[in-house]
Amino acid sequence: MSDPSLNSDLRVAVLGAGMMGAFHARALSSRIRRARVTVVSDVFVEKANLLAAEVGARVVDDPIAAINDAQVDAVLIATPSASHDEQVKACLRARKPVLCEKPLTTEVSSAYALVRQEAELGQPLIQVGFMRRFDTEYVALKELIDSGGLGNPLLVHCAHRNPAVPDFFDSEYMIRDSVVHEVDVARFLLGEELTSVQILKGVATSAAPPGISDPMLVVFETESGRLITDEIFVRTGVAYEVRTEVIGERGSAIIGLGQNLQLKTSDGRWGGRITPSFVERFGQAYDTELQRWADAARTGAIDGPGAWDGYAAVAVCEAGVQAVQTGQKVAVEMQPRPTADPTSGISAPDPEGARR
Ligand code: ISE
């Protein structure tokens, strides 16, 4: 990559001018320090033109050319999932740090190939957009668990509720697009891999198109035998709610109760407002994620969940999709993590540095 001097702004190419690409591009050109968008790329050229004009960037139609552009130090990928593999590979070839929205890729094999390619480079360049790791509530929960404040964590109960989604959001998509966050959160909080997935389908909401199971109850097991439950319900018709409760041997802790301003009124009611969507609920997390990534990218590094985390999430979700299809408990199949091996030329990226 061209070497962004520590005194100059990080020059970012934003690939994808849809909702998340535009959200990040606006953040980079306003709230994020020492970074700016220089290039925007989208298959819909009109969208790219509008966003580029708004953030003061240039449009480069071909995403691979955008990655290789001389005025680009780092890349933010917010394109449709099927494009991620090719684009992340191009970032590795160009040795440019990349923040890729989840999922890392759509296939377990291509995600693992990226893990290996990055390991062969010997330089962690791939960060995956699991923004919840930067949310102050999740950070506090993680610190509590790590400090032993709950004793041994035994169970994790999650709830993930969206108010509404488009009709193409079927039960499998619910796993890959929504439950993927709980997969990452569970790995992050417990510090171990998930080994199996089971899915229970109950009565579906009448808001779901025929044949789509919504809500569902997902049960994961971990390497050490801990259980994690996740209620996934994406058509609640209410608001955006994400809760995580950890039950330990010496207590329990819950986040996501959304207890912001509480209002009491003369008719004897009380309550507050629930965030309408994930952009409001995780706005702080997205910006912290982006600031830390940009700061790290200025030195050619990453600072967050990496390629291995992206691969693990794809592998667990693949098992989850099979569990939806078969109704069976499905074991998660994962390849070994590449380790430093002088004979193979592979040296492992530092996961702890990446997860800080
Ligand atoms: C969406 O793609 C996200 O990533 C949100 O965080 C998640 O809550 C939502 O269910 C997904 O559709």
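Things to note:
- Filtered residues of region 126-137 (kept if touching an Asp or Glu at 6+ places or on another chain (Cβ under 8 Å) and either among the aromatic types (F, W, Y) or within 16 Å of the ligand (Cβ to nearest atom) (or both)): Q127, V128, G129, F130, M131, R132, R133, F134
- Here K96 clears all of (1) closer than 22 Å to R11 by Cα; (2) outside any loop (DSSP other than H, G, I, E, B); (3) more than 16 Å from the ligand (Cβ to nearest atom) except the condition numbered (2).
- When L99, L6 are checked against the criterion of being aliphatic (A, V, I, L, M) and modelled with pLDDT under 95, a single residue qualifies: L6.
- Residue that is nearest to the ligand (Cβ to nearest atom) [pool: residues in region 151-170 that are open to solvent by 20 Å² or more (accessible area, probe 1.4 Å) and closer than 16 Å to T244 by Cα]: R161
- For A186, the test of being in a helix (DSSP H, G or I), within 16 Å of the ligand (Cβ to nearest atom) and among the small types (G, A, S) is passed.
- Hits in region 18-67 (condition: β-branched (V, I, T) and in a helix (DSSP H, G or I)): V45, V55, I64, I67
- Odd one out for Y173, checked against (1) part of a loop (DSSP other than H, G, I, E, B); (2) surrounded by fewer than 20 Cβ atoms within 10 Å (Cβ to Cβ): (1)
- With respect to being touching a residue at least 12 places away in the same chain (Cβ under 8 Å), over 14 Å from the mean Cα position of the chain (by Cα) and within 11 Å of the ligand (Cβ to nearest atom), A140 falls outside the description.
- The set of residues from region 11-32 being within 19 Å of A70 (Cα to Cα) and basic (K, R) comprises just one member, R11.
- Scanning region 218-252 for residues that are among the aliphatic types (A, V, I, L, M), open to solvent by 10 Å² or more (accessible area, probe 1.4 Å) and under 16 Å from G320 (Cβ atoms) yields V219, L227.
- If the condition is being in a strand (DSSP E or B) and either within 19 Å of the chain's Cα centre (by Cα) or within 16 Å of the ligand (Cβ to nearest atom) (or both), then region 230-263 contributes D230, E231, I232, F233, E241, V242, R243, T244, I255.
- Looking at S266, S213, just one residue is within 16 Å of the ligand (Cβ to nearest atom) and of a type in the set (S, T, N, Q), and that residue is S213.
- Within region 46-91, considering residues that are surrounded by fewer than 22 Cβ atoms within 10 Å (Cβ to Cβ) and hydroxyl-bearing (S, T, Y), the one farthest from L290 (Cα to Cα): S83
- Hey, A294 farther than 27 Å from S29 by Cα, open to solvent by less than 60 Å² (accessible area, probe 1.4 Å) and within 21 Å of the chain's Cα centre (by Cα) or not: no
- Inter-residue pairs, beta-carbon under 6 Å, first more than 17 Å from V165 (Cα to Cα) and in region 265-287, second away from the ligand (no atom under 15 Å from the Cβ) and in a helix (DSSP H, G or I), 6+ apart: D287/A27
The values are calculated or read from the model by the stated rules, or taken from the named source; none is laboratory data. What you see is a predicted model; the values in this text were computed from it and never measured. Note that each Cβ is placed from the backbone with ideal geometry, even for glycine, and that neighbours are counted across all protein chains shown. Surface areas here come from the heavy atoms of the whole protein model, side chains and all, with no ligands, DNA or RNA. Shrake-Rupley method; radii C 1.70, N 1.55, O 1.52, S 1.80 Å.
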